[in-house]
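Reading through the structure tokens given below for one structure.
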Amino acid sequence: MTQKPSPVTSALRSALCSLGVVSLATVSTPTAFAETMDEKFSSAAERMDLTYYGYARSGVGSSAKGGKQACFQAAGAPVKHRLGNECETFTDQGLQATLATDNGTVFKLNTLIAYKTQQQNEWEQPSKDPNEFALRELNVSAENIFPALPGAKLWAGKKYYQRHDVHQLDWYYWNVSGPGAGIEDIDVGFGKFHLAWIRNETSVVKGTTITGNKLKYDEEKIATNIIDLRLSDLKLSEHFSLELGLEYGKGSPGDKIDNKKFFDRDGFMGTAQLTYAFPMGGFNKFAVQYATDAMTGPGVGEDGRTSQNSKWFSGSKMARVLNFGQIPIIDRLDVTYVIGWTQMDYSKDAQNHMKTPDKMDWFTVGIRPQWKWSELTSTVLDFGFDKVKNGAEFNIAGKSAGATTSPTKQYADSKLYKVTIAQQFHPRFGAWVRPVIRVFATYANWDELKCPAGALECDPSTAGLSGDRKLIKDNFGKATDGMTFGVQMEAWW
């Protein structure tokens, strides 16, 4: 009797067969082929110590009165409250292989590929449909390579680097991931020290042009070098721990680029995060972030990765206070929650040249209680609210009272309420248990905004939203609220 192959073996076998590494012609019968593959790939997986990991979500949804599922996000908000409010199929899947364990060292290869589709058809291909492939990770780590630093890991390549996120929002608020190199997990006695050099290429605004009667940004791709210093695992007590981080970023334009000094500006971002582990399980995280100049980023403030290393951002500041967590209230009730505030203070140059507002404020709050009916079923409610000061942007035509003027921009506050109810099916109960299949209904309400005089392409009913405004207009007309429903699966492993 042939032993059933492991999931890793099956995944590796399927991948190599699809690539033509192994041919059906090499074996005489389906049974012989299966046995040969089990033997070959089980042996390969054991030799390489393969770990297969990933995340996936997909489903089907609709707007209540017809049309495909619309998702709701306040204008100017970088993210949305996600439960019952995701309109795409997404997966990232990776393999980790132990390549060598000689002389007390451990060398590992990490790979991760992400794929996103618009969840429209069974057959969706990048060549024709608006789908996305991305190589997110490809790096090698070497543990115990320095005898004086036992447990430390030297790494190089593309890497998810020490990311911190709020799952409820799918928001990575501290994230300098990218191609780079560094050393992690250096034991300094009272905690762990980490040092990294990360490089990212961002679109930096270098000027504005007038197209018709619209103001548009001209951008240049400029590399930014970021030095990241962190201290983690700082135990303050039995339940409290602290993590500290400092990032320094500086533009690295080519030596012969026009106006080089415009693009070589720098900035800092500092983060302090206090974690409390509840005695009954769960956690609370309280984070404070402050960034200056190039490290402030566009929009309502970034995560430390998408910097703006131009002269126009010199003098800009970003401040953030964030609190979130998860707590099992009783055996049948699990709750996750988030409350956060971010303020972006734009420099005078950004206001004058890029027509940004003087400030943008984003406030978000959400709570997600989950009630256990049995280990296999639960009901979850998700409440979310976002308000963004100067979040809605209006392009203003270059004419006023018959006189020709330069086109400009005006701003208004946006506000959105969202609530979702979902019935879930899972192998056991818990906020972090996956896989899960959920049947959901979502309701959202947002403000109608008054279009300023001269505003171009402005619809009062959708001006306060980000995303696919045309779809929302087609589905809900002039209404400033809407309802969707659907079924979604979510898994990680």
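Where a number appears in this text, it was derived from the coordinates with a stated rule and is not lab data. These numbers were taken from a predicted model, which means no experiment stands behind them. For neighbour counting, all protein chains shown are included, and Cβ atoms are generated from backbone atoms with ideal geometry for every residue, glycine included.
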Cα-Cα longer than 18 Å, checked against 311/387; 206/355; 221/250, kept in input order, equals 311/387
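What order do you get for 238, 184 when you list them from fewest to most C-beta neighbours inside 10 Å?
238, 184
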For an R0 of 22 angstrom, estimate the FRET efficiency from the Cβ-Cβ distance between residue 199 and residue 246 and round to the nearest 0.05.
0.80
I'd like the FRET efficiency for residue 319 and residue 409, computed as 1/(1 + (r/R0)^6) with the beta carbon distance as r and R0 of 25 Å, rounded to 0.05.
0.60
For residue 434 and residue 116, extending 7 Å from Cα along the Cα-Cβ vector and measuring point to point gives, in nm, a value of 1.5
If the chain between residue 146 and residue 423 were fully extended at 0.36 nm per residue, the gain over the current Cα-Cα distance would be 94.6 nm
Would you grab the residues whose amide H sits under 5 Å from the one on residue 119? Only those 5+ places off in sequence or on another chain, please, with H modelled 1.01 Å from N.
89
How much length would be gained if the chain were fully extended between residue 156 and residue 286, taking 0.36 nm per residue of separation minus their Cα-Cα distance, in nm to one decimal?
43.7 nm
Among the lysines, which have Cα under 19 Å from the Cα of residue 153 when same-chain residues fewer than 8 positions away are ignored?
108, 192
Apply the Karplus parameterisation 6.51 cos²θ - 1.76 cosθ + 1.60, with θ equal to phi minus 60°, to every residue of region 226-236 and state each ³J(HN,Hα) to the nearest whole Hz, in sequence, with x for glycine and proline.
10, 9, 10, 10, 9, 10, 10, 6, 7, 6, 8
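How do 432, 155, 174 rank when sorted from fewest to most other Cβ atoms within 10 Å of their own Cβ?
Least to most surrounded, the residues fall as 432, 155, 174.
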Roughly how many debye, to the nearest 20, is the charge dipole of region 49-492 about its Cα centre, given +1 on each Lys and Arg Cβ, -1 on each Asp and Glu Cβ, and no other charges?
940
Arrange 362, 371, 492 by Cβ neighbour counts within 10 Å, fewest through most, would you?
492, 371, 362
